[in-house]
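Notes follow the structure.
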Amino acid sequence: MTNILSEMPVYAPTESGETMEAIGHRIQRFATEQGDKAAVISESGVLNWRELVQQANRIANRLRDAGLQHGETVAALSENSAEYVALYLGTLVAGGCMVPLSGMASAEALGLMLADSRARFLFVSEKNRDLLSEFRQSLADLSEDTILALGNNGTNIGLPMAEWLLGTSADPAPDDVSLDDPFNIIYSSGTTGTPKGILHDYRFRQRQMVRMSRFGLDGDAVNLVSTPLYSNTTLVSVLPTLFHGGTLVTMAKFDAHRFLSLAEQHRVTHAMLVPVQYQRILADPEFDRFDLSSFKLKLCTSAPLRASVIAEAMQRWPGNIREVYGLTEGGISTSLDCGAYPDKWDSVGLPTEGAEVRVIDDAGNEVANGKIGEIVGRAISMMRGYVNRPEQTEEMLWTSPGGDVFYRSGDMGRIDEDGFIYILDRRKDMIISGGFNIYAVDLEKVLLAHPDVVDVAVIGIPSDHWGETPLGLVVRAIGSTATESDILHWANNQLGKTQRLSAIELRSELPRSTIGKVLKRELRAPYWQGEATGS
């Protein structure tokens, strides 16, 4: 890892003399200053700060005894748990680089990620035991001694962590790290080949942990974590909470009713959620009976939050909402304070402190406010690059006339006269029909205004006449009798001539990732496998 990182340029703005207090060092004081305070509340019980730090120190000391060197990688395949949080911190205390893996990935992809990241250790939860068995034989660089059970049951995994740690000292000995050292590798989704490993250094995370405290993610926060730790969405709120000595309440699996119960029970103040979670929580028939008065702020990311959902949440759910738009790679960072800007709920807000956002055309030229193009950004937190993929890293860069490096988002959008950013579509998802650019979000907004439509995705499908044509995939409200023809006629009466939908198809549900993104690639695939059809 050290050699890989040393070959990667720093794209983030740098400051001479910038200092930091590494999280592995910082948490040591919480063991004495607030040792009895709850650090992690999980399905298995409560770890206070003294217990969490001692566990992290034991893991760090054991990793080093087992051969982990500064900057080397430790991977984990697990649902959220107190043990997982301790492992993450222990890896950082040891000076290692964490690689959280998705249990939704295929066995083949997981094997490739582990090889790509050069993982020295792999910790697996009982829940993922069968998945491990599918790719274990492909792990040439990991031995039986370096595949371990993250939990007390090691059946068909490896030595349970408790046994692995027997006799290990909890004495604090955090490794010295610099801003340029690796912090974590987050793997992007991918169905073929090796997913891209996004490498964050301490500069990236340190700045983010400090900045997020301004949203209240500090030592007083009680943060309910219901999205998986392998997602950057989750880490954006989890790491600042730990860095400042707050409390995490973790869910191994999201359930709307359980979320509400935990929020009331533990007087939760903060939560990072994705749009579909807001919808499911607000739709819980018992929502209004729960005491949610402790909430100060809900955050939302991964996809734009609909204005109608914001309005309902602002009315029924105490505390403000702040929508966050950015990339796992960093570079682009915007935030919408929903309480302060009720007239901008269709936007993703303004650039955050130290961030700059521009819009460029296909030729790479900057366009004026109001014009549509690809969103590019530069911020205080920017990845070092994709692991082992310099060419793909280079493809993501746009250099301004002034010589500053920006990251391409792949999102089409515009900036209004007040500087607010609006997302229209992924560039690869944009529909080009008869030479006209059609943005799915515009059509989806119209369809969602229909009283019988509760969820929708618009995709482009082949057309002999137009090249592509938009198709609406619609989920109806329970009890609705509206037909495909009814919805199509209603929507097309409100759309421009070049935007009109070719058809509506009813679906019982839409496929989504574990953090709630509609999987449009999966929806499109069946239509593009054969010859184009006339429309």
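The values are calculated or read from the model by the stated rules, or taken from the named source; none is laboratory data. On a predicted model such as this, the values are computed, not experimentally measured, just so you know. A quick note on method: Cβ atoms are made from the backbone with ideal geometry, for glycine too, and the neighbour counts reach across all protein chains shown.
Quick check on region 513-524. Is at least one of its residues without any contact (Cβ under 8 Å) to a residue 12 or more places away in the chain and within 30 Å of Ser106 (Cα to Cα)?
Within region 513-524, one or more residues are without any contact (Cβ under 8 Å) to a residue 12 or more places away in the chain and within 30 Å of Ser106 (Cα to Cα).
Out of the helices (runs of 4 or more DSSP H) lying entirely within region 20-92, which hold 1 or more residues that are under 23 Å from the mean Cα position of the chain (by Cα)?
Filter on region 20-92 gives 23-26.
Just name the residue that is nearest to the chain's Cα centre (by Cα) out of those in region 446-461 that are in a helix (DSSP H, G or I) and surrounded by fewer than 23 Cβ atoms within 10 Å (Cβ to Cβ).
Leu448
Within region 462-489, restricting attention to residues that are among the aliphatic types (A, V, I, L, M) and part of a helix (DSSP H, G or I), which residue is surrounded by the most Cβ atoms within 10 Å (Cβ to Cβ)?
Ile487
Got a number for residues in region 313-329 being more than 19 Å from Asp291 (Cβ to Cβ) and either in contact with a helix residue (DSSP H, G or I) (Cβ under 6 Å, 6 or more places away or on another chain) or not small (Gly, Ala, Ser) (or both)?
Final tally of qualifying residues: 7.
Evaluate region 184-206: report whether one residue or more is free of Cβ contacts under 8 Å to residues at least 40 places away in the same chain, farther than 25 Å from Ala340 by Cβ and surrounded by fewer than 21 Cβ atoms within 10 Å (Cβ to Cβ).
The answer is yes, given that some residue of region 184-206 is free of Cβ contacts under 8 Å to residues at least 40 places away in the same chain, farther than 25 Å from Ala340 by Cβ and surrounded by fewer than 21 Cβ atoms within 10 Å (Cβ to Cβ).
Tally up the residues in region 265-296 that are surrounded by fewer than 19 Cβ atoms within 10 Å (Cβ to Cβ), aliphatic (A, V, I, L, M) and more than 24 Å from Val446 (Cα to Cα), please.
1
Filter region 112-141 down to the residues that are buried (at least 20 other Cβ atoms within 10 Å of the Cβ), more than 23 Å from the chain's Cα centre (by Cα) and either of a type in the set (Val, Ile, Thr) or closer than 14 Å to Gly67 by Cβ (or both) and list them by number.
The answer is Arg120, Phe121.
Please go through region 363-397 and pick out each residue that is surrounded by fewer than 14 Cβ atoms within 10 Å (Cβ to Cβ), touching a residue at least 12 places away in the same chain (Cβ under 8 Å) and either among the small types (Gly, Ala, Ser) or under 22 Å from Tyr439 (Cα atoms) (or both).
Gly364, Asn369, Gly370, Lys371
Between a residue in region 407-428 that is in contact (Cβ under 8 Å) with a residue 60 or more places away in the chain and any residue that is basic (Lys, Arg) and part of a strand (DSSP E or B), which pairs come within a Cβ distance under 8 Å, given they are 6 or more apart or on different chains?
Tyr407/Arg378; Ile421/Arg414; Tyr422/Arg414
Would you call Phe243 among the aromatic types (Phe, Trp, Tyr) and either surrounded by fewer than 21 Cβ atoms within 10 Å (Cβ to Cβ) or under 17 Å from Pro318 (Cα atoms) (or both)?
No; evaluated as a whole, the condition is false for this residue.
Name the pairs: first residue in region 161-176 and closer than 18 Å to Glu144 by Cα, second residue of a type outside the set (S, T, N, Q) and assigned to a helix (DSSP H, G or I), Cβ to Cβ under 8 Å, at least 6 apart or on different chains?
Between residues of region 161-176 that are closer than 18 Å to Glu144 by Cα and residues that are of a type outside the set (S, T, N, Q) and assigned to a helix (DSSP H, G or I), the close pairs are Met161/Ile59; Met161/Glu83; Met161/Leu87; Trp164/Arg62; Leu165/Arg58; Leu165/Ile59; Leu165/Arg62.
Out of all the residues in region 252-265, which are closer than 24 Å to Asn48 by Cβ and assigned to a helix (DSSP H, G or I)?
Those that are closer than 24 Å to Asn48 by Cβ and assigned to a helix (DSSP H, G or I): Arg258, Phe259, Ser261, Leu262, Ala263, Glu264, Gln265.
Please determine, by comparing only the residues of region 512-532 that are surrounded by 14 or more Cβ atoms within 10 Å (Cβ to Cβ) and part of a loop (DSSP other than H, G, I, E, B), which one is farthest from the chain's Cα centre (by Cα).
Going through the qualifying residues, I end up with Ala532.
Right, Gly354: over 30 Å from Ser293 (Cα atoms) and either surrounded by fewer than 21 Cβ atoms within 10 Å (Cβ to Cβ) or in contact with a Leu (Cβ under 7 Å, 6 or more places away or on another chain) (or both) or not?
Yes, satisfied.
Only helices (runs of 4 or more DSSP H) wholly contained in region 145-251 count here; list those with 3 or more residues that are over 20 Å from Phe121 (Cα atoms) and touching a Leu at 6+ places or on another chain (Cβ under 7 Å).
Per the criteria, 202-212, 232-243.
Identify the residue in region 424-445 that is at pLDDT 80 or above and assigned to a loop (DSSP other than H, G, I, E, B) and, among all such residues, is nearest to Arg524 (Cα to Cα).
The selected residue is Met430.
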